[in-house]
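Read the structure below first, then the notes.
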Amino acid sequence: MPSAPVMPADAADSPVKRKRAASMFKSPRPFEAFIQSVLFFCGAVSILTTVGIVITLGNESINFFTTLGLVDGQRRTAAPMTAEDTRIVLTGGGFNFQVNDTLFVEGTVNGQPANELMLVTEVIDRENLVVQRGYENTQAVPHDVGVQVEKGKRVLLSEFLKVGEFDPTTGQFMPGRWQPQIAEFSAIPLISATLYSSLLAMLIAVPVGLGTAIYLSEYAAPGVRATLKPILEVLAGVPTVVFGYFALNFITPALRGSPFGIPMGGGFPLLDTGLFVTYNGLLLIAALAFVAFWVGSRTTTGSRRTLLTRGSTIAALLAIVFGVLALPDAMCTPGEVGVYNLFGASIVVGILIIPTISTISEDALRAVPRSLREASYGLGATRLETVFRVLIPAALSGILAAVLLGISRAVGETMVMALASGAGPNLSVCPFEAAETIAGHIARISSGDLSYQSMDYNSLFALGLTLFIMTLILNLLSNYITSRFREVYQ
Amino acid sequence: MSAAESPKKDAFKERLVQRQARGRLWSRLFFASNAFALLTLILLALTIINGAFGYVAVQFRVDPDTLSDRPLETLSEAELGDVLVANAAGRMRVIIRDNFSQVPNDVFTTTPLPAALNVFIPTAWQTLTINELNEEQLLSIITNNLSQEQMYDVVLNNIVQPNVVASWQFFYSLFNRAAIEAEMASEYPAAELIFRSWVTPRFISSPLATEAADTGLRTALLGTLWVIAICVLFSFPLGVGAAIYLEEYADDSFINRLIETNIRNLAGVPSIIYGLLGLTVFVRFLVTITSGQFVGVQSDTGRTILSAGLTLGLLILPVIIINAQEAIRAVPYSIREASYGLGATKWQTTWRQVLPAALPGILTGFILALSRAIGETAPLIVIGGASFISFDPSGPFSRFTVVPLQIYNWTKVPDIEFRNVAAAAIIVLMSLLLIMNSAAIILRNRFSKKLAG
Amino acid sequence: MAITGETTIHLNNVSVYYSNKLAVKDVTLPIRKQKITAFIGPSGCGKSTVLRCLNRMNDLVQGARVDGEIIYRDQNLYARNVDPVEVRRRIGMVFQKPNPFPKSIYDNVAYGPRLLGVTRKNQLDEIVERSLRGAALWDEVAGDLKKSGLALSGGQQQRLCIARSIAVEPDVILMDEPCSALDPIATQRIEQLMREELKDYTIVIVTHNMQQAQRASDYTAFYSIRKEAESGGVERRWGVLVEFAETEKLFNSPESGETADYIAGRFG
Ligand SMILES: Nc1ncnc2c1ncn2[C@@H]1O[C@H](COP(=O)(O)OP(=O)(O)OP(=O)(O)O)[C@@H](O)[C@H]1O
Ligand SMILES: [Mg+2]
């Protein structure tokens, strides 16, 4: 066994030796432990935030779906009643109640307020209702003079997600509506506008974002890249409220025909019935040209074939452009582009998502190992073929993650929608009308002074929860794909 | 043999030409994507310029040219004083009250001057009230205590009283001068056509007002500064702490993986959701703290600067953490190894080696996150930033408005003058962001130089 | 293996695992006091792994586990109540790639003493000078201690790292291929340093350079790799200590054929 060591420096006592602990055994380091717990707390705050979001949204949503709200304006006055009366005699004008309506009846007993719920079991006529007294564990009490009868309403999940219904009398489809003033709470118009605008936004953001990423990672010389990258960074740094201003003051006027306040010949003519024919005609011609050129290019050889191939590509692109332009014609009734419209706002959301998609996709493309590129070039592939056959498939998961993140941003984008897309939920396939998204609606409603007890207030949280769930799924998917993708290259 | 090969060769050549042509076409399309991004940025800038400058039709109660033979802004204080006495002698007491009074209006005329005013009063007037002063004395109070610029404002507001009755945007102003003049002649014959920049030093330094032509941005700018200050105090230590924890301390346990995933997901939660969170937690649940009641402030609203700062802090926390993690991860492992090898504890290594090396990266990431907070609007709408307040915020428990919120409010209003003001505010906001980002770059360069040399 | 003479560290049946994967198996080895012990062996045989166990640097690797005993001053370093931080204050380390802190030369050397709480300027000055002299660097940098450590040449940087580690007055210095990133002249300088200025320290050095081991060390430990086919065509490999002896003896008359093959360059 080793003998007691006499180390070289032990001979002379030194400041270092004096400061060093006498033994190698653990002694408590309270400061280290304290710091570690403080740091852990910092990390845990993020968990608390999530818990906070879930509890906040969940709790108020539960309130929204369980408490009985009173519907503004749906009220009448009634004649006094005893505790036993099962008939209400309504007086004055106002709302007409229906069978199965829950009534909230204000009353006083011995000068103390005593309210009661009743269920309408039969409607005799405008003035006379038969009710079940003491509904939902309230107590049947006598009601004296000046009795107020209000309609109570509880929103069910089935109503919240109701797409619409067929009117039994006319057989017409009545779409679900979100109109808190008259207690209609179908979130479908808001959800559909949210998804619709995200789709439109992605139609811009995905091709442009991907094209940008491919150009920057595969084509651009270092100098060009160094000037183009900052442009994207600036674009990413512009506050969304500024984009809202842009949507309202440039894009929409441009759609309506007067960008910068300078009229440019009569407005954006998409909704003009005259041009319906024009666009669709051009679409048809382009499509026919494409087919002709394509067939031609398959059957000819020589330099004419190159020409025909090029012609078919151009015709296909034109067909796509005219197809896109003709689309609104098919979906909208003729009229003007609205001052507030979903289309303009969605274009701008698309623009503001470009940096998100291009940055992440570019990272994914650059992460593809050099060897793969070299192998492809070595086999004689052109740059374009390398991009489409090797790089994009190899970076697909990264690109997919970028797109999902982009959709999630589009779904949650608030300011552009709040400013440019218009107020009032609207279930419509025509994007040139005003329509409100979930986020836009929350912003608009909460900018007023809301009472914390109102149904409106609670409804915001139910909508917020819907939005949260939508983005959460997208984010989780995106993160999952990203983490899988990381494993592949490490 | 060569005869059999040559058609094949030709076909290959031909295909090659085709493939290259297709390649060129697509490469142009890819380039066009970039051009599109550039184009939108240019259009964005032009739209803002379009709103921030342009002709306005101004109607004066008194034409400034009749007041003096030189432009008003070039007059000295004494000359402006003369203009004041000549044209608005009767308003001088009101002017004094508006500028210097420190007592309620109803007792202003009956209070002795030293108590009524917050300015120096000569000993001879110590017992007098405002009503006992003559014109000359009143004027001396005004000229002695106001600068030339303030005097000019006083003359403008009390005598000239300009009023913007119409406004046109920049490009329209440039190209359609004739149309504007025709409109002027028919609609506002008494008004004067002036080319106006809506961003001026005055716009930045004066408080919010209800009139588009008079309003400034100071109230909102101060609000932004206050909110950001709270946000920094809250989110910087928390964010950097969390990043240190995750990079240096956390092992691969379930809870730590949960924290990581969670942060990545929080970064993608829409900002308006944070607004709902802030509304419930800070504005309502913690109202005794956020209203300042706990330190004795007489207020019962949680819709304060503190709530806003905390909400924005939570909002940018994930971004700060992710950026800081990246900066910390970029510190070479060999530095840590060297430190541990010398018998440093974990915290000593982190504090003395890792953090100093990561600091430039952390700060850069932090400032970028902060720029996001500065431009953020949606959660503050939900929290209940006031749409109009005319008083400057005085502390964390004040009600507030911030610049982006004002841009939102002004853009919402259909009046074109408010669009002008919104554009001006956007220019101020973007300049602020530009300054911050330049600061980030300078900071980073300075730090990296220090580390290298 | 017979263990004689004065021993500073004694490894007893040390096995190391990374995430439950065996990396080194059953190493038993004495580290002789104030002598230089060299670790040689093919790449991946676990030389660095064993070395890093000696001052518990492996604790920093997630999932690393050490079985067996490492006795230093009558104390098993891997006993539960031993503080790795205190161990590292007594057993210093120099790494393969010179890794000075991005600070001045002075601050680099003073870092260790400052960690311990030495703050007096004159004491620090003295320690810095003594350490730099000890690492044969003083004459080259004395005029400019404020210069960044990163501004030195590779060889100077490595000597700075040696100076930094002797500033805390360790008993043992572990060196993991300290010369592999240096040119022959800088290498020679460091070998000379180990022989002269550092002759009172116990040194363990990992090297791939047979000549270096021969020139510089008193004892040599030769490690090698053992393989075993596992189901599914996967191969399991781990390192073992093949032979430990005086350097003279190991190079001139190795006991094991494997050792002989390796030093003769006949290793597959
Ligand atoms: N941090 C680690 N995590 C997992 N496995 C590791 C780690 N470090 C080393 N290993 C594994 O342990 C074994 C021994 O590695 P070690 O670095 O000790 O070899 P070495 O003899 O120093 O090789 P070299 O001469 O190349 O430096 C190797 O199979 C290696 O893959
Ligand atoms: Mg090694």
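The values are calculated or read from the model by the stated rules, or taken from the named source; none is laboratory data. Every value quoted in this text rests on a predicted model; they were computed, and no experiment measured them. Here Cβ is always computed from backbone atoms with ideal geometry, including for glycine, and neighbour counts include all displayed protein chains. Keep in mind that these areas ignore ligands, DNA and RNA; they rest on the heavy atoms of the full protein, side chains included. Shrake-Rupley method; radii C 1.70, N 1.55, O 1.52, S 1.80 Å.
Residue-by-condition table, conditions (1) facing chain B (nearest Cβ under 10 Å); (2) assigned to a helix (DSSP H, G or I); (3) more than 16 Å from A:K151 (Cα to Cα); (4) in contact (Cβ under 8 Å) with a residue 40 or more places away in the chain:
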| site | (1), (2), (3), (4) |
| --- | --- |
| A:V38 | yes, yes, yes, no |
| A:A44 | yes, yes, yes, no |
| A:I53 | yes, yes, yes, yes |
| A:L57 | yes, yes, yes, yes |
| A:N63 | no, yes, yes, yes |
| A:L70 | no, no, no, yes |
| A:G73 | no, no, no, yes |
| A:R76 | no, no, no, yes |
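List the residue pairs whose Cβ atoms are under 7 Å apart, where the first residue sits in the stretch A:205-232 and is under 13 Å from A:D363 (Cα atoms) and in contact (Cβ under 8 Å) with a residue 24 or more places away in the chain, the second is part of a helix (DSSP H, G or I) and aromatic (F, W, Y), and the two are 6 or more positions apart or on different chains.
Correct list of pairs: A:I214/B:F30.
Can you find even one residue in the stretch C:86-93 that is closer than 30 Å to B:V331 by Cβ, open to solvent by 20 Å² or more (accessible area, probe 1.4 Å) and within 16 Å of ligand 2 (Cβ to nearest atom)?
For the stretch C:86-93, residues closer than 30 Å to B:V331 by Cβ, open to solvent by 20 Å² or more (accessible area, probe 1.4 Å) and within 16 Å of ligand 2 (Cβ to nearest atom): absent.
Any residue at all in the stretch C:144-155 that is of a type in the set (K, R) and either buried (at least 21 other Cβ atoms within 10 Å of the Cβ) or in a helix (DSSP H, G or I) (or both)?
Start the filter on the stretch C:144-155 by keeping residues that are of a type in the set (K, R), which leaves C:146-147.
Going one step further and asking which of them are either buried (at least 21 other Cβ atoms within 10 Å of the Cβ) or in a helix (DSSP H, G or I) (or both), we end up with none.
Scanning the stretch C:144-155 turns up no residue that is of a type in the set (K, R) and either buried (at least 21 other Cβ atoms within 10 Å of the Cβ) or in a helix (DSSP H, G or I) (or both).
Can you tell me which residue among A:V411, A:V416 is touching a Gly at 6+ places or on another chain (Cβ under 7 Å) and either part of a helix (DSSP H, G or I) or among the charged types (D, E, K, R) (or both)? Working first, answer last.
Numbers: A:V411 fails: touching a Gly at 6+ places or on another chain (Cβ under 7 Å).
Residue meeting the stated conditions: A:V416.
I need a count of the residues in the stretch A:431-445 that are open to solvent by less than 10 Å² (accessible area, probe 1.4 Å) and over 15 Å from the mean Cα position of the chain (by Cα).
Total satisfying the criteria: 2.
Can you spot a residue in the stretch A:111-127 that is open to solvent by less than 30 Å² (accessible area, probe 1.4 Å) and at pLDDT below 80?
Taking the stretch A:111-127 and keeping what is open to solvent by less than 30 Å² (accessible area, probe 1.4 Å), we get A:114, A:116-120.
Adding the requirement that they be at pLDDT below 80 leaves A:114.
Looking through the stretch A:111-127, at least one residue is open to solvent by less than 30 Å² (accessible area, probe 1.4 Å) and at pLDDT below 80.
Could you list all residues from the stretch B:324-369 that are at the interface with chain C (Cβ under 7 Å from one of its Cβ atoms) and either basic (K, R) or open to solvent by 20 Å² or more (accessible area, probe 1.4 Å) (or both)?
Filtering the stretch B:324-369 for residues at the interface with chain C (Cβ under 7 Å from one of its Cβ atoms) gives B:334-335, B:337-338, B:340-345, B:348, B:353, B:357.
Within the stretch B:324-369, B:S334, B:E337, B:Q348, B:A357 qualify.
State whether one or more residues within the stretch B:84-98 are surrounded by 18 or more Cβ atoms within 10 Å (Cβ to Cβ), part of a helix (DSSP H, G or I) and of a type in the set (V, I, T).
Yes, the stretch B:84-98 contains a residue that is surrounded by 18 or more Cβ atoms within 10 Å (Cβ to Cβ), part of a helix (DSSP H, G or I) and of a type in the set (V, I, T).
Regarding A:I191, is this residue among the hydrophobic types (A, V, I, L, M, F, W, C) and open to solvent by 40 Å² or more (accessible area, probe 1.4 Å)?
So A:I191 does not fit the description; no.
Failed condition for C:C179, given (1) within 14 Å of another protein chain (Cβ to nearest Cβ); (2) within 16 Å of ligand 2 (Cβ to nearest atom); (3) assigned to a loop (DSSP other than H, G, I, E, B), with all others met?
Checking C:C179 against (1) within 14 Å of another protein chain (Cβ to nearest Cβ); (2) within 16 Å of ligand 2 (Cβ to nearest atom); (3) assigned to a loop (DSSP other than H, G, I, E, B), the one that fails is (1).
Among the candidates C:N58, C:N76, which residue alone is within 16 Å of ligand 1 (Cβ to nearest atom) and either surrounded by fewer than 24 Cβ atoms within 10 Å (Cβ to Cβ) or without any contact (Cβ under 8 Å) to a residue 40 or more places away in the chain (or both)?
C:N58
Evaluate the stretch C:3-24: report whether one residue or more is closer than 29 Å to B:V331 by Cα and more than 13 Å from ligand 1 (Cβ to nearest atom).
We begin by selecting, within the stretch C:3-24, every residue closer than 29 Å to B:V331 by Cα; these are C:16-21, C:23.
Now drop any that are not more than 13 Å from ligand 1 (Cβ to nearest atom), which leaves none.
Taking every residue of the stretch C:3-24 in turn, none turns out to be closer than 29 Å to B:V331 by Cα and more than 13 Å from ligand 1 (Cβ to nearest atom).
Does B:L246 satisfy the condition of being free of Cβ contacts under 8 Å to residues at least 40 places away in the same chain, of a type in the set (A, V, I, L, M) and either at the interface with another protein chain (Cβ under 8 Å from one of its Cβ atoms) or not in a helix (DSSP H, G or I) (or both)? Before the answer, list the steps.
Values: free of Cβ contacts under 8 Å to residues at least 40 places away in the same chain: no; of a type in the set (A, V, I, L, M): yes; either at the interface with another protein chain (Cβ under 8 Å from one of its Cβ atoms) or not in a helix (DSSP H, G or I) (or both): yes.
No: the conditions fail for B:L246.
Given C:G117, C:G112, which one is in contact with a Gly (Cβ under 8 Å, 6 or more places away or on another chain), open to solvent by less than 50 Å² (accessible area, probe 1.4 Å) and under 30 Å from C:R73 (Cβ atoms)? Quick ask: steps written out before the conclusion?
Working: C:G117 fails: in contact with a Gly (Cβ under 8 Å, 6 or more places away or on another chain).
From the options C:G117, C:G112, the qualifying one is C:G112.
If we scan the stretch B:51-62, do we find a residue that is at the interface with another protein chain (Cβ under 9 Å from one of its Cβ atoms) and touching a residue at least 12 places away in the same chain (Cβ under 8 Å)? Working first, answer last.
Taking the stretch B:51-62 first, the residues at the interface with another protein chain (Cβ under 9 Å from one of its Cβ atoms) are B:51, B:54.
Checking the rest, the ones that are also touching a residue at least 12 places away in the same chain (Cβ under 8 Å) come to B:51, B:54.
Checked the stretch B:51-62: at least one residue is at the interface with another protein chain (Cβ under 9 Å from one of its Cβ atoms) and touching a residue at least 12 places away in the same chain (Cβ under 8 Å).
Identify all residues within the stretch A:22-32 that are of a type outside the set (S, T, N, Q) and more than 10 Å from chain B (Cβ to nearest Cβ); write none if there are none.
As a first pass, look at the stretch A:22-32 and keep what is of a type outside the set (S, T, N, Q): A:22, A:24-26, A:28-32.
Within the stretch A:22-32, A:A22, A:M24, A:F25, A:K26, A:P28, A:P30 meet the criteria.
When you look at B:L174, is it open to solvent by 50 Å² or more (accessible area, probe 1.4 Å) and either modelled with pLDDT of 90 or more or on the phi > 0 side of the Ramachandran plot (or both), yes or no?
no
Condition test on B:F397, is it at pLDDT 90 or above, closer than 30 Å to B:R284 by Cα and open to solvent by 10 Å² or more (accessible area, probe 1.4 Å)?
On the way: at pLDDT 90 or above: yes; closer than 30 Å to B:R284 by Cα: yes; open to solvent by 10 Å² or more (accessible area, probe 1.4 Å): yes.
Yes: the conditions hold for B:F397.
Just for strands (runs of 3 or more DSSP E) wholly inside the stretch C:19-75: which have at least 2 residues that are away from ligand 2 (no atom under 16 Å from the Cβ) and in contact with a strand residue (DSSP E or B) (Cβ under 8 Å, 6 or more places away or on another chain)? Explain how you work it out, then say what you get.
Details: elements: C:21-32, C:36-40, C:64-72.
So the answer is C:21-32, C:64-72.
Say we look at the stretch A:4-43 and pick out the residues that are buried (at least 16 other Cβ atoms within 10 Å of the Cβ), of a type in the set (G, A, S) and more than 23 Å from C:R56 (Cα to Cα); which of these is modelled with the lowest pLDDT?
A:S14
Just the residues that are more than 19 Å from the chain's Cα centre (by Cα) and part of a loop (DSSP other than H, G, I, E, B), please, taken from the stretch C:86-117.
Within the stretch C:86-117, C:F101, C:P102, C:K103, C:G117 meet the criteria.
Do the conditions hold for A:A345, that is, is it crowded, with 20+ Cβ neighbours inside 10 Å, touching a Phe, Trp or Tyr at 6+ places or on another chain (Cβ under 7 Å) and closer than 30 Å to B:L43 by Cα? Before you say what the answer is, go through the steps one by one.
On the way: crowded, with 20+ Cβ neighbours inside 10 Å: yes; touching a Phe, Trp or Tyr at 6+ places or on another chain (Cβ under 7 Å): no; closer than 30 Å to B:L43 by Cα: yes.
So A:A345 does not fit the description; no.
Among the basic types (K, R), near ligand 1 (Cβ under 10 Å from one of its atoms) and within 29 Å of C:S148 (Cα to Cα), is that true of C:R89? Write out each step before concluding.
Values: among the basic types (K, R): yes; near ligand 1 (Cβ under 10 Å from one of its atoms): no; within 29 Å of C:S148 (Cα to Cα): yes.
Here the answer is no, as C:R89 does not meet what is asked.
Suppose the filter is part of a loop (DSSP other than H, G, I, E, B), more than 16 Å from ligand 2 (Cβ to nearest atom) and of a type in the set (A, V, I, L, M, F, W, C); does C:A136 pass it?
Yes, satisfied.
Counting only residues that are of a type in the set (V, I, T) and surrounded by 12 or more Cβ atoms within 10 Å (Cβ to Cβ), which one in the stretch A:302-335 is farthest from the other protein chains (Cβ to nearest Cβ)? Before the answer, list the steps.
Keep residues of the stretch A:302-335 that are of a type in the set (V, I, T), which gives A:306, A:309, A:313-314, A:320-321, A:324, A:333.
Retained after the next criterion (residues that are surrounded by 12 or more Cβ atoms within 10 Å (Cβ to Cβ)): A:306, A:309, A:313-314, A:320-321, A:324.
Details: A:T306: 5, A:T309: 5, A:T313: 6, A:I314: 8, A:I320: 12, A:V321: 13, A:V324: 15 Å.
Top of the filtered list is A:V324.
For A:G265, only one of the following conditions fails: (1) modelled with pLDDT of 90 or more; (2) open to solvent by 30 Å² or more (accessible area, probe 1.4 Å). What is its number?
Every listed condition holds for A:G265 apart from (1).
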